[in-house]
Amino acid sequence: MTDTARAAVLFDALHARRSASAKFLVAPAPGEQALTRIVTAFSRAPDHGRLIPFRLIEIPLDARARFADAVEAAHAAAQPALSAPERERSREKATQGPLLLALIAVIDAEHAKIPASDQWLTVGAALENFLLGAQAEGFGVAIRSGRYLEQTPLREALGLHAHEHAVSLLAVGTVSEWPPEKPKPTLAQVFSRWEG
Ligand SMILES: Cc1cc2nc3c(=O)[nH]c(=O)nc-3n(C[C@H](O)[C@H](O)[C@H](O)COP(=O)(O)O)c2cc1C
């Protein structure tokens with residue numbers, strides 16, 4: 001493949017990246033080899049100080065019901081007046097998607113040289129690599145975040161240490177239906193040239 005063709009393939013993939021909807025993710029999930037390639041891409045994020053401030057925890061299918069209990073308890077802790085339908089909806093975050101991963105940020109806020117903001121950026125870069133890797137393998141990803149992720153029931157269920165944060169839940173699978181494409185920023189919104 002020529003350099004131009006290789007660049008075209010890469011830019012096509014970058015420009016085509018989009019989020020899936022968790023309720024439209026069906027089997028099959030990535031197999032062992034595809035998942036290894038995706039997680040390897042995840043691990044290649046630029047990482048100032050090489051602190052490795054990111055990791056993933058898979059929630060296996062046979063543990064989903066127990067994990068849903070923790071997600072529901074975490075939602076109730078974040079929002080005590082949770083209605084019964086809201087409780088039920090919160091459980092879907094643990095049950096949807098044939099593959100479910102928790103993205104964990106491992107942030108050393110007291111690091112002498114590397115600011116926490118650099119570490120968070122690395123986590124975001126790892127997430128993007130994961131999304132692009134999954135899409136390259138033909139799978140969709142739905143990202144779920146929210147205040148419930150900071151709550152004790154979920155932190156305890158995931159066994160997080162004090163300096164660790166559950167950033168989001170990643171539902172991964174085969175897309176049965178794509179949501180409408182989201183509007184994208186214009187170049188003028190994201191790029192300007194300094195005029196001195
Ligand atoms: C850190 C992070 C957290 C997100 N959390 C949610 C979420 O809780 N619910 C949701 O529907 N989408 C979530 N998203 C996905 C965004 O809504 C989505 O990327 C955005 O709407 C643009 O759509 P696109 O990814 O298809 O370009 C999250 C994305 C990021 C980067």
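Each value in this text was obtained by applying a stated rule to the coordinates, not by laboratory testing. Only a predicted model underlies this, so the values are computations on that prediction, with no experimental measurement involved. Cβ atoms come from the backbone with ideal geometry, glycine included; neighbour counts cover every protein chain shown.
To one decimal place, what Kirkwood hydrodynamic radius in Å is obtained for the range 31-142 from all pairs of distinct Cα atoms?
Working: mean 1/r = 0.0634 Å⁻¹.
Mean inverse Cα-Cα distance, inverted, gives 15.8 Å.
Give the share of C-alpha pairs in each 5 angstrom bin for the chain, from 0 to the last occupied bin, in whole percents, shortest bins first.
1, 7, 13, 17, 17, 17, 13, 8, 4, 2, 1, 0
Within the chain, which is the longest segment that contains none of the chymotrypsin sites (Phe, Trp or Tyr not before Pro) sitting in a DSSP loop with at most 15 other Cβ atoms within 10 Å?
Here the longest segment lacking exposed loop sites spans 1-190.
Please state the shape class of the range 79-150: rounded when a/c is under 1.5, otherwise prolate if a/b exceeds b/c and oblate if not, all from the C-alpha gyration tensor.
Values: a/c = 3.79, a/b = 1.30, b/c = 2.92.
It comes out oblate by the Cα gyration axes.
What does the helix-only formula give at 222 nm for the chain: each DSSP H stretch with n ≥ 4 adding -39500 (n - 2.57), the total divided by the residues, and the result rounded to the nearest 500 deg cm²/dmol?
On the way: 7 runs with 85 residues, N = 196.
Helix-only estimate at 222 nm: -13500 deg cm²/dmol.
If I take every Cα pair under 8 Å that is 6 or more residues apart in the chain, average their sequence separation and divide by the length, what percent do I get for the relative contact order?
RCO, the chain: 35 percent.
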